[in-house]
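Working notes, beginning with the structure itself.
The values are calculated or read from the model by the stated rules, or taken from the named source; none is laboratory data. None of these values were measured; they are calculated from a predicted model. All Cβ positions, even for glycine, are placed from backbone atoms using ideal geometry, and neighbour counts span all protein chains on display. Side chains included, ligands, DNA and RNA excluded: accessible areas come from the protein's heavy atoms. Shrake-Rupley method; radii C 1.70, N 1.55, O 1.52, S 1.80 Å.
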Amino acid sequence: FANLESINPASFWLPVDETSNVPLLYEVSPVVEATLVFNVGQIHRRRGDLDAASKCYDRAFDILQSHTSVVVSPADLDSSMLEDHSIVIPLLHNIGQLQYRRGDIRLAMETYSLALRHARRMYGGRHPHVASALNCLGVLHYHDANSSDESEEVKTSVVVATTTSVNKDSSSSISSSDDDKNQQQQQHSSTNKAMDLFQQALSIRIESLGHNHVDVATALNNIGRIHVQLDEFDQALGYYEDALRIRREVLGPDSLDYAATAFNAGQSFHQKGELTRAAELYHEFLRVALMKFGHGHRDVAVVLSGIAQIHQEKREHDKALELYDASLCAGRAALGEDHSEIAMLLNRMGNFHFERERLDDALRCYKRGLRIERRVLPPDHPNIVVTLSNLGEIHRQRGEWDEAAKMYGDCLDILRAKHDNKDHGDVASTLSTIGLIHDQRGDTCLSLHYLQDALLMRRRLVGSEHLDVSATLVYIGTILYRKSVFSVAMELFSESLRIRKAALGDDHRDVAFVLYNIALVHQQRGCHKEAIESYSETLRIEKLVLGKNHRDVSMTLFKLGEVNKAAGDLEEALKCFKESLAVERSLLSSSSSPGNSANANRTAVDTGQRYQQPATSGGSDPAAMARALNEIGNLHLARGDVVPMMEAFNEASRLYRMAGLSPNNVIVSGALYALEFSCPAAAPAA
């Protein structure tokens, strides 16, 4: 090793017994013997035989302890127990790294801490050996905070994105228990500790090695990773770009270290939505990875998946699918079929197909991924829960309620077992989802059972003023509304409204959702004045938040027209129906413009908060226009305006046909006040 100091030849041999009168016997110096054994370990390590390497390192360590008064493990050894031999520091570093690779983070921390103390005692506080130990401790604290991530500084490894669920309930974000809070605090503490250690290492390396040394680039790269974990992507890119420059200049553009930093920078650009630059850096990593490893390597699979995701986000679906398939082939060649990362890639491909509404393809990918996960992961692993949830969501969207309930039921069993049947946010979320599925399958009693359990658990976890409690109140209120239990539904909606106003303010879209439901209850109970007030407030918020030309605005205007008509204010009703029609026509116009899609901007409407289908801010709905025209025609009928009445009815019939519905959906109500038909008493029956 270049950093090892030269060994004095006189120290190669030590006398065995200087007091004896017999000729002196000599044995190999422990330092020399330990060095030789250490070097043998290095050969084993480079051959990939880590077990043999570990035995050599332990043997070398035992040899160095031969002159100490006690024999202890590296974790229990104080730096003062070892003499100041240069071999000690690289030996401890290698022992620590193998401990880290075996997943024993705590033991590795103790070993590197010993190396740090020894380096400071031998060389002072501003030496590169000190910086190396600080950097390694920083990596360990980073992984202690982010145990699911792969190490950035393992040169042939890049971080794989975790599996994501197709339909995540909002409650998954709640801090569900004291254990979770403690874990979050510990992760935050570990992240801050890692940042401090990396900053110390960077300062020492710049001071002792200069600004353009590869070890400086390593520290810069690691600090960038911390900023990524904190979602500080601009700051991360500042460090990555400096590291990228140094590694390119010193190591060349074909080095793995350069490529690893290019990939990390690409991830940050990807997170920022700068897809072109992200793709350029991903391709740079891919170029080096193919050169060094060939096509059948894990890192090739990872970066191909990242590039595929960029094409997916750019809606270049054919190219994205081609790259996902190539990524899957590379992953299988490198890892085999039964590997957790293959399952994660299949889950990502399932998400891709789900987004394109190709549910059969998505279902096949998720099922294949689930089979692998159940073979290679612990039965309570989070990825299994996510995949089951994704399968359940597909069955739910296809109306396959029994299968959906089974998948989410399996999730619930896993989560309850994992959390020892204690309250947890994930359990509450799954209870809520199962309740909604039973509602959709028509089993009201079972639905209310699950939703009430979810409500009680959420109240115990986060209190009664949390937005997740508000959402569950709306779900239960919706079911009771449909069962005509209006008084209880109103109580639940009112409590939900109070919570949302306190948390979000008066002018939030989620507040408008609950007001809309309250208005529906008033409308069904015949309380026209109260319904008009609630609908009007809903309309004010929606126009403020969503703009005038939005499907939710059209829906609220239509309902406001219905209530005014029922209250006898035909002029106001006609005005509301015409405004609703104007919004729908505006949406039709915008959806027919070049580059617009009928489903380009689907909005996520909280399930149960509106009884209509989820609204879209763009795209046309001929049936909605037909309904508005139908009501306009009936109002003209009531006023005796025959010509506009017939025009409205005819246009409504045409639009119903355009929507694939029968023109018989046009409903004529009211009376022709201007005409009166009567038959003579003697007229025959028709």
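A few remarks follow.
- Taken over segment 186-232, residues that are surrounded by fewer than 19 Cβ atoms within 10 Å (Cβ to Cβ), within 24 Å of residue 251 (Cβ to Cβ) and within 28 Å of the chain's Cα centre (by Cα) amount to 0.
- Test: residue in segment 354-367 that is in a helix (DSSP H, G or I), modelled with pLDDT of 95 or more, in contact with a Ser or Thr (Cβ under 9 Å, 6 or more places away or on another chain) and closer than 30 Å to residue 419 by Cα: yes
- Selection count where residues are farther than 13 Å from residue 411 by Cα, touching a helix residue (DSSP H, G or I) at 6+ places or on another chain (Cβ under 7 Å) and open to solvent by 20 Å² or more (accessible area, probe 1.4 Å), scope segment 422-441: 4
- Taking the criterion of being assigned to a helix (DSSP H, G or I) and open to solvent by 40 Å² or more (accessible area, probe 1.4 Å), the residues of segment 295-320 that qualify are 309, 313, 317, 318, 319.
- Here residue 168 passes the criteria (1) surrounded by fewer than 18 Cβ atoms within 10 Å (Cβ to Cβ); (2) at pLDDT 75 or above; (3) of a type in the set (D, E, K, R) except the one numbered (2).
- Subset of segment 496-517 (residues that are open to solvent by less than 10 Å² (accessible area, probe 1.4 Å) and under 13 Å from residue 535 (Cα atoms)): 511, 512, 513, 514, 516, 517
- Qualifying residue in segment 370-391 (condition: on the phi > 0 side of the Ramachandran plot and either in contact (Cβ under 8 Å) with a residue 24 or more places away in the chain or not in a helix (DSSP H, G or I) (or both)): no
- Contacts under 7 angstrom Cβ, first residue in segment 418-434 being of a type in the set (Ser, Thr, Tyr), partner surrounded by fewer than 23 Cβ atoms within 10 Å (Cβ to Cβ), 6 or more apart: 429/169; 429/172; 430/412; 430/415; 432/169; 433/169
- Residues of segment 392-404 that turn out to be open to solvent by less than 60 Å² (accessible area, probe 1.4 Å) and either in a helix (DSSP H, G or I) or polar (S, T, N, Q) (or both), as a count: 6
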